[in-house]
Structures are given as structure tokens and as C-alpha cells.
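I have placed the structure first, in the form of C-alpha cells, so that the comments after it can refer back to it.
The values are calculated or read from the model by the stated rules, or taken from the named source; none is laboratory data. What you see is a predicted model; the values in this text were computed from it and never measured. Virtual Cβ from ideal backbone geometry, glycine too; neighbours counted across all protein chains shown. Side chains included, ligands, DNA and RNA excluded: accessible areas come from the protein's heavy atoms. Shrake-Rupley method; radii C 1.70, N 1.55, O 1.52, S 1.80 Å.
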Amino acid sequence: MSSSIQVNLITGRTVQQGRALEGSKHSDEYTRAAGIIELDPEDMRKLKIYTGTVVKVTTAHGSVNVRAILSPNAPHPGLAFIPMGPWGNAVINTDIYSVGMPSFKGVEATVEPIPEGKVLSALELMHELQK
Amino acid sequence: MTEEEVQKITDVVCPFCGCLCDDVEIDVANNKVVTTYNACTIGTTKFFSVNETEHRFTKPMLRKNGKFVPISWDEAIERAAKILLNAERPLLYGFSSTSNEAIGEGFKLAEEVGGVLDQTASVCHGPSVLAIQDVGRSAATLGEIRSRANVIVYWGSNPSAAHPRHMSRYSMFVRGFFREKGAKERTLIVVDPRNTDAAKLADIHIKVEQGKDYELVSAMRAALRGIEIPEMVAGIPKKDILEVLEIMKKAYFGVVFFGMGLTQTFGRHRNIDNAINLIRELNSYTKWIISPMRGHYNVTGAGTVWTWQTGYPMSIDFARGYPRYNPGEYCANDILVNGEADAALIIASDPGAHFPAKSIRHLAKIPVIAIEPHITPTTELAELILPPAIVGVETEGTAYRMDHVPIRLRKVVDAPDECLPDEVILERLTQKVRELKK
Ligand code: SF4
């Protein structure tokens with residue numbers, strides 16, 4: 001049985017994600033840039049995984065598969081980061097607290113390794129939501 | 001390719017982020033971008049994206065049995081106009097990556113079809129707009145900041161990722177008229193829960209606990225008034241808070257640039273409201289200003305142009321024939337999550353990639369018209385594509401920089417095939433709607 005951890009999830013910008021925004025959203029480049037979760041080394045150790053392992057991120061609002069990577073912005077134990085995009089948006093909180101803004105940052109999430117799992121592309125994620 | 005064929009175009013403005021860097025130079029050959037100078041890596045990718053043709057829409061497209069087939073502009077405009085006219089509550093959303101001229105046309109169309117008009121600020125600096133409407137703010141242009149500022153704070157904003165040249169053009173790592181020694185004369189403070197690249201460069205990194213910015217600002221305001229604060233606030237020791245406040249009080253000219261770390265977390269507009277009040281109070285000691293780091297290159301324009309036209313910057317409902325404003329009710333995500341919208345026109349933005357899943361599930365159920373040059377998550381959901389010329393690369397237009405300075409964007413290459421400027425597409429749509437209404 002693999003272990004899982006609880007994290008506080010935020011989403012935000014990265015340079016790689018920004019580069020993939022114009023004309024590359026159909027491509028693997030976009031999946032590599034934004035279909036990831038940046039974890040603190042300590043949290044990676046708890047999960048007993050390496051960079052590149054597929055993990056399932058689950059919140060009260062949904063779940064999504066992404067690749068775990070070692071955060072370049074560590075240390076931030078207990079805090080996890082998914083670049084802005086359809087992967088992060090599959091699990092963020094839609095409560096808009098009467099101002100029209102969903103909670104893109106600060107969502108409780110569970111992260112569990114699923115080494116055999118598949119990370120869908122941005123377009124595949126849309127097809128899932130069409131069902 | 002011979003030397004003569006390469007043409008250098010100077011003073012090009014980068015149409016990607018709110019910095020609107022206007023010192024870009026582009027080499028063009030055979031109507032293709034071959035080299036860019038001065039633009040950052042993200043801006044460069046945008047200039048090169050116009051060359052890609054395989055994933056670029058160059059003709060109007062209609063989805064038939066799941067596949068896009070090309071149709072004529074006349075048919076596309078008529079279909080789009082009918083979709084919007086037949087809808088009870090059409091949503092017109094996006095607008096922050098296009099020209100002021102197109103933004104103005106968007107208002108006319110929304111009024112004509114009685115729709116809901118919204119722009120990307122509603123998922124970005126919308127809360128900042130609300131707070132500024134409530135309490136105002138002290139502002140300055142980026143030029144003035146560059147000339148004078150000696151204490152620079154990035155709060156909940158990571159310019160190294162989202163505005164790569166911001167620090168080197170306007171704030172920290174640049175010489176200014178009164179800051180001849182550049183960075184040597186300036187202090188950089190970054191407030192961020194992570195050790196971001198900007199934080200790594202900072203003189204002081206305040207590693208606030210995620211989502212606790214409101215508490216930290218409140219503690220700073222209290223300490224400024226001489227009220228005793230707890231030993232630890234939002235993960236920051238009292239000693240560090242007092243030290244930063246001293247630096248802020250002694251600044252010659254200080255600036256707080258803030259981002260999504262404040263607007264997208266719990267508290268939202270209240271966080272901004274509180275931060276603006278901190279800055280207001282610091283102004284009894286010295287000069288401080290506070291400025292949102294606007295993301296899309298013309299998100300400032302969308303708010304500004306609609307404010308001239310309707311009195312409101314975003315989330316405007318024309319259902320009753322006149323504009324009404326109520327964020328939290330007429331924001332794009334509200335009317336999608338609540339299942340109200342029954343058709344959508346998306347322009348110059350990608351809600352498919354940037355809206356929460358629940359909103360997209362509804363978007364997937366209704367007819368979507370996308371004015372979008374490339375294949376994106378949004379176009380996957382669309383039934384009709386109207387292909388635009390890319391503003392600032394393939395067509396001219398005016399945009400507002402994040403500090404409200406209007407800048408004329410240049411044209412560098414011709415748009416491929418049948419692509420038309422956003423402005424023209426929206427104008428034709430409005431005309432068609434008027435015709436059909438007769
Ligand atoms: S900082 Fe922004 S405007 Fe300047 S080149 Fe980079 S993306 Fe373009």
C-alpha cells in the first residue's frame with residue numbers, strides 16, 4: 001500500500017507554463033509545464049517517490065493525475081503548487097464568496113502516488129469534462 | 001535567405017504581459033518572425049507563435065460531427081449572430097488580450113444582444129478593482145517608480161515567473177533618474193510563502209504563511225500605530241515585522257506591487273483593502289504607492305474602456321437593456337457555475353484552461369463561439385471558430401500598460417489567410433445582430 005499525504009494546495013504562474021500559453025496548449029510541452037505538482041523534498045520523502053512519479057491529487061472538488069516534481073522553490077513543507085492551467089483547475093475550490101473569484105490558492109488536498117497512472121493532456125481533460 | 005530579405009523592425013511592443021515592454025526589436029523575413037531582441041522568453045514565444053500554422057486557425061470553422069470544417073466569413077458571422085440573439089443569457093467573456101478598439105466593440109455587441117459582459121480580471125485582479133473602488137489607492141507610473149523608488153516590495157506576486165522583465169525594466173535592477181546606482185540604492189522585499197526566484201533575489205524575504213496575509217497586514221498596521229503585536233504573526237516573528245516597518249517608514253519612495261497571492265486567497269478584496277490602508281497610513285511618514293501586477297497585456301484596457309462606456313470595469317449585465325454591475329452575480333464564473341449562461345462568445349482568453357472544472361462543465365453544454373487564433377482547451381469546447389489576426393504582431397491597436405499608460409502596438413507581419421482583427425470581427429457581428437433584429 002502506498003502512503004498518501006495531506007497538503008495545502010496553491011496554483012500560480014511559472015515561466016514554463018507562460019511559454020506554453022501561446023500556440024502550444026495542444027502540445028506535450030503544455031502538459032510537461034502545467035500537468036505537474038511541485039512538492040517539498042520532505043513531502044516527497046514521506047510519499048517515497050522520485051521526481052516524475054505520477055500522483056493523484058484529490059480535493060473536495062475533484063481529482064486529477066499530475067507528475068510530482070521536486071519544488072525549485074522549497075522549502076515549503078505541507079504546501080504544494082500546481083502551475084495555473086486545467087490540471088490545477090480540476091481540483092480547486094469553486095466557492096466564489098460573492099466576489100466572482102474562485103479559490104485558486106489554499107485548497108486542502110490529498111496526494112497519493114499512482115506510479116502506473118496516466119497524466120491526461122489539456123485537451124483530453126476538456127473531453128472528460130464534456131462527458 | 002539573403003541578408004537583404006531580413007527586415008529589422010524596431011520599437012515593437014510585446015503583447016503578452018502588463019509590462020508592455022516597448023523596446024523589442026524583431027527580424028522579419030518572408031513575412032515570418034525569425035529573431036526577437038530584448039523580449040523575455042515568454043514574450044519571444046508569443047512572437048514566434050504567429051509562425052505556427054498547423055495549430056493555427058486561419059479560416060472560420062464550424063464543428064460538424066465533432067470535426068472542424070471551414071466555412072465562409074459571411075456564414076460564420078450569421079451563425080454567431082444567431083447563436084447570441086437566440087440565447088436568453090449570452091456570456092461575452094475575455095477581452096484582456098486584445099486592443100482597446102476591440103474592447104469597445106465588445107461593449108456594443110453585449111448591449112445589442114442583452115448579454116453579460118466580463119473580462120479576465122474577474123479571475124485575476126477583480127478583487128483589487130473592488131477594493132480600489134472602495135478605498136482608492138495612491139498610484140504612480142512605472143517610469144516614476146523607476147526614477148525614484150528605493151524600497152520595492154513584491155507581495156504575493158512572483159514577477160520572475162509572470163512578468164519576467166518587470167524588475168529589470170521598472171523597479172529593482174535598473175538605474176533611474178534619482179537612482180543612478182540602480183540596485184545598490186534600492187532594497188527589495190518579497191512577501192511570499194515560497195522561496196520563489198524573486199524571493200531568492202530579495203534583500204528581505206518575508207515567508208508569510210499561505211493565506212495569512214490579512215493577519216500580517218493587520219499586525220503591521222497595528223504596530224505602525226504603536227500597538228503591541230503578538231510575538232509571532234502569520235509565521236513571521238515580531239522582530240522581523242518591526243524591522244521591515246522601520247525600513248518602510250524610512251524609505252524615500254516606496255512601492256508595493258501585489259499579485260494573486262492576495263487576490264486569489266481567502267479574504268480576496270479584503271486583503272487588498274487592508275494593504276491599501278497600510279500604504280495610506282505609511283504616507284503619513286513618507287511617499288508610498290501600491291500597484292497591482294496586471295497579467296494579460298491589456299486587462300487594464302478592458303477595465304478602463306468599459307468604465308468610460310458603461311461606468312463599470314467588468315461583470316456587466318445588459319439583460320435589462322442598461323448596464324448593471326454586481327460582481328458575485330454577473331462574473332463569468334457565477335453565471336457558469338449557476339448554469340445561467342446559455343451561449344458564450346469567448347475572445348482573447350482561454351477559460352477552458354483557466355476556469356474551475358465546474359464552470360467548464362457548464363461551458364461544455366452550451367454553444368461556444370471562440371475568437372481565438374490557436375487550438376486551446378476552449379476551442380475544444382467550441383462549435384464555431386472566428387480566426388483573429390493577433391493584435392500587436394499582425395495588426396495594430398492601443399493597449400494600457402499595467403500603470404494605465406496607453407501604448408500603441410505595432411504590426412510586424414501580415415496575418416495568415418482569412419484572419420481578421422478582433423475589432424472588425426466584433427463590428428461585423430454587431431451589424432449582423434442589428435440587421436437580424438429588424
Ligand atoms: S516582461 Fe512581459 S511585456 Fe516584457 S517581454 Fe516579457 S512578456 Fe513581454
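Here's the list of aspartates and glutamates a cross-link from B:Lys212 could span, going by alpha-carbon distance under 18 Å and ignoring same-chain residues fewer than 8 apart: A:Glu108, B:Asp192, B:Glu231, B:Asp240, B:Asp273.
Against the criterion of solvent-accessible heavy-atom surface with a 1.4 angstrom probe, B:Glu209, A:Glu112 sort, most first, into B:Glu209, A:Glu112. Size descriptor for the protein assembly as shown, Kirkwood hydrodynamic radius: 24.1 Å (Cα pairs only, one decimal). The accessible-area ordering, largest first, of the residues A:Glu29, B:Glu228 stands as B:Glu228, A:Glu29, per a 1.4 angstrom probe.
Taking a straight line from the alpha carbon of B:Lys64, these lysines sit under 29 Å away, with near neighbours fewer than eight places off in the same chain left out: A:Lys25, A:Lys131, B:Lys82, B:Lys358, B:Lys365, B:Lys432, B:Lys437. Inter-part distance, the stretch B:261-309 to the stretch A:114-131, computed on C-alpha centroids, equals 36 Å.
Distance from the Cα centroid of the stretch B:321-387 to that of the stretch B:211-260 is 40 Å (rounded to whole angstrom).
Between the stretch B:1-64 and the stretch B:93-155, the C-alpha centres lie 25 angstrom from each other. The residues of chain B have, on average, 37 Å² of accessible surface per residue, using a 1.4 Å probe with all protein chains present.
Only aspartates and glutamates eight or more places from B:Lys46 in sequence, or on another chain, were considered; those with a Cα closer than 13 Å are A:Glu22, B:Glu394. Net charge in the neighbourhood of B:Lys411 (other residues with Cβ under 9 Å of its Cβ; Lys, Arg +1, Asp, Glu -1) is -2. When the helices of the protein assembly as shown are scored as -39500 (n - 2.57) per DSSP H run of n ≥ 4 and the total is divided over every residue, the value at 222 nm lands at -9000 deg cm²/dmol. One compactness figure for the stretch B:127-292 is 0.95, namely its Cα radius of gyration divided by 2.2 N^0.38 Å.
Sites listed here are trypsin sites (Lys or Arg not before Pro) in the stretch A:1-77 whose DSSP assignment is loop and whose Cβ has at most 10 other Cβ atoms within 10 Å: A:Lys48. Mean partner shielding of peptide B:17-23, defined as the number of other chain Cβ atoms within 10 Å of each residue Cβ, is 0.
Once the partner protein chains are put back, the stretch B:347-369 shows a loss of at least 40 square angstrom of accessible area, versus the chain by itself, at B:Ala353, B:His354, B:Pro356, B:Ala357, B:Arg361 (probe 1.4 Å, ligands and nucleic acids excluded).
B:Lys437 contributes an accessible area of around 100 Å² to the protein surface, as traced by a 1.4 Å probe with all chains present.
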